[in-house]
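Following: one structure in structure tokens, then a few remarks.
Just so you know, all these numbers are worked out from the coordinates, no wet-lab data involved. Nothing here was measured: the structure is a model prediction, and the numbers come from that model. Using ideal geometry, Cβ is built from the backbone for each residue, glycine included, and neighbour counts are taken over all protein chains shown.
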Amino acid sequence: MIATDTSRQWQPIIQQMELVVGKQGVMVTPEELSVYECDGLASYRQPPSLVVLPQTTAEVAGVVQICDRHQIPFVARGSGTGLSGGALPTEGCVLIVTSRMNKILDIDIDNQCVVVQPGVINAWVTQAVAQEGFYYAPDPSSQIICSIGGNIAENSGGVHCLKYGVTTNHVLGMKVVLPNGDVVDLGGKVADTPGYDLTGVFVGSEGTLGIATEITLRILRVAERSRFCWPTSRVLMQRVKPLPISSVRVSFPLAWKSWTTSVLMP
Ligand SMILES: Cc1cc2nc3c(=O)[nH]c(=O)nc-3n(C[C@H](O)[C@H](O)[C@H](O)COP(=O)(O)OP(=O)(O)OC[C@H]3O[C@@H](n4cnc5c(N)ncnc54)[C@H](O)[C@@H]3O)c2cc1C
């Protein structure tokens, strides 16, 4: 059974989609579609008319061209952990899910960057470069499941971002499929390429400008070492002596908290 809205003849569209992504890449039954009816903002629900799972930039472009030709709205979805309803389907839409676009395409240690497909999970990036002594700084607390595509659309951040900046500070470039199916390259492998900062415009645009299909991320070198410095009790008492005991009670835990935060963050 095909669960789609009745205002449109979906069968020919399904056939066209299957030609682009294969039968395995198109979901049409109510059971399959119900999985995608909401994201992390579960109080709003709307099943899509069709779910399509492309694997390459060319397939995303093919799917978007079909949508453009038939004037069908489409919505991109990564892992669906967003809390603002960005991946919530609109009525009668095609949901383009990137979970099969899960390859790390290039690890370029010399230029301190990696190129990934949008369905790559945030934590995989650090895992892929850890042996080389590098890591990817943006760490939303959903990082074991959220996708890089979702991260750039939401400009996500986590604890590291207090020190190193949010996602936009770590995206160097990307390949994007525009709403008419054209493919454009923004930025590159170096920071601050000449011209308008279109990469910066795209990051945080919540899926409204197109679908990112390849993303170049900056990776950082892990600190060679972290040191534990602890004042002797004599030094500590010299410092706190002039303070009334009530200030010590307050300031000491605060100092401890700020020290542990700075040491735990490489
Ligand atoms: C337990 C939990 C903890 C969280 N913690 C944090 C946190 O610490 N910091 C934080 O910032 N967020 C946090 N979030 C929110 C969420 O995880 C992030 O916004 C994350 O970046 C969403 O990624 P996703 O792959 O799930 O994206 P989705 O929810 O699938 O999509 C989010 C948006 O991105 C768009 N999108 C997806 N892929 C693409 C693409 N390839 N191209 C263009 N647009 C695309 C979608 O259309 C949608 O608008 C948390 C969520 C949960 C459930």
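Tell me the residue from 158, 207, 150 that is within 14 Å of the ligand (Cβ to nearest atom), touching a residue at least 12 places away in the same chain (Cβ under 8 Å) and outside any loop (DSSP other than H, G, I, E, B), please.
Values: 158 fails: outside any loop (DSSP other than H, G, I, E, B); 207 fails: outside any loop (DSSP other than H, G, I, E, B).
Just one listed residue meets the conditions, 150.
When you go through 37, 31 one by one, which is the residue that is touching a residue at least 40 places away in the same chain (Cβ under 8 Å), over 15 Å from residue 13 (Cβ atoms) and of a type outside the set (Val, Ile, Thr)? Outline the logic, then answer.
Working: 31 fails: touching a residue at least 40 places away in the same chain (Cβ under 8 Å).
Exactly one residue qualifies, and that residue is 37.
Within the set of pairs 6+ apart or on separate chains, which have a first residue in the range 163-178 that is within 16 Å of residue 58 (Cβ to Cβ), a second that is surrounded by fewer than 18 Cβ atoms within 10 Å (Cβ to Cβ), and C-beta atoms under 6 Å apart?
Sorted first by the residue in the range 163-178, then by its partner, the pairs are 175/185; 176/184; 177/183.
Filtering the range 21-54 down to residues that are of a type in the set (S, T, N, Q) and closer than 14 Å to residue 95 by Cα, which residue is surrounded by the most Cβ atoms within 10 Å (Cβ to Cβ)?
Taking the range 21-54 first, the residues of a type in the set (S, T, N, Q) are 24, 29, 34, 43, 46, 49.
Restricting the remaining residues to those that are closer than 14 Å to residue 95 by Cα gives 29, 34, 46, 49.
On the way: 29: 11, 34: 13, 46: 16, 49: 24.
Among residues in the range 21-54 that are of a type in the set (S, T, N, Q) and closer than 14 Å to residue 95 by Cα, the one surrounded by the most Cβ atoms within 10 Å (Cβ to Cβ) is 49.
Which condition breaks for residue 193 when tested against (1) free of Cβ contacts under 8 Å to residues at least 24 places away in the same chain; (2) not in a loop (DSSP other than H, G, I, E, B)?
Going through (1) free of Cβ contacts under 8 Å to residues at least 24 places away in the same chain; (2) not in a loop (DSSP other than H, G, I, E, B) one by one, residue 193 breaks only (2).
Considering only residues that are in contact with a helix residue (DSSP H, G or I) (Cβ under 9 Å, 6 or more places away or on another chain) and within 13 Å of residue 97 (Cβ to Cβ), look in the range 65-80 and name the one that is farthest from the ligand (Cβ to nearest atom).
Restricting to residues being in contact with a helix residue (DSSP H, G or I) (Cβ under 9 Å, 6 or more places away or on another chain) and within 13 Å of residue 97 (Cβ to Cβ), the top hit is 74.
Could you please tell me which pairs satisfy a Cβ distance under 9 Å, a separation of 6+ or placement on different chains, a first residue in the range 77-91 that is part of a loop (DSSP other than H, G, I, E, B), and a second residue that is acidic (Asp, Glu) and more than 8 Å from the ligand (Cβ to nearest atom)?
Listed pairs, sorted by first residue: 88/37; 89/37; 91/5.
Going through the range 40-70 one residue at a time, which ones are farther than 21 Å from residue 176 by Cβ and not in a strand (DSSP E or B)?
Matches in the range 40-70: 40, 41, 42, 43, 44, 45, 46, 47, 48, 49, 70.
When the residues of the range 124-144 are filtered to those that are more than 19 Å from residue 111 (Cβ to Cβ) and part of a loop (DSSP other than H, G, I, E, B), which remaining residue is farthest from the ligand (Cβ to nearest atom)?
Top of the filtered list is 144.
Does any residue of the range 96-113 turn out to be within 14 Å of the ligand (Cβ to nearest atom), assigned to a loop (DSSP other than H, G, I, E, B), in contact (Cβ under 8 Å) with a residue 60 or more places away in the chain and surrounded by fewer than 21 Cβ atoms within 10 Å (Cβ to Cβ)?
Among the residues of the range 96-113, at least one is within 14 Å of the ligand (Cβ to nearest atom), assigned to a loop (DSSP other than H, G, I, E, B), in contact (Cβ under 8 Å) with a residue 60 or more places away in the chain and surrounded by fewer than 21 Cβ atoms within 10 Å (Cβ to Cβ), which makes the answer yes.
For residue 56, which of the numbered conditions (1) among the β-branched types (Val, Ile, Thr); (2) free of Cβ contacts under 8 Å to residues at least 40 places away in the same chain; (3) over 30 Å from residue 225 (Cα atoms) fails to hold?
(2)
Going through the range 127-147 one residue at a time, which ones are touching a residue at least 60 places away in the same chain (Cβ under 8 Å), under 20 Å from residue 212 (Cβ atoms) and surrounded by fewer than 19 Cβ atoms within 10 Å (Cβ to Cβ)?
145
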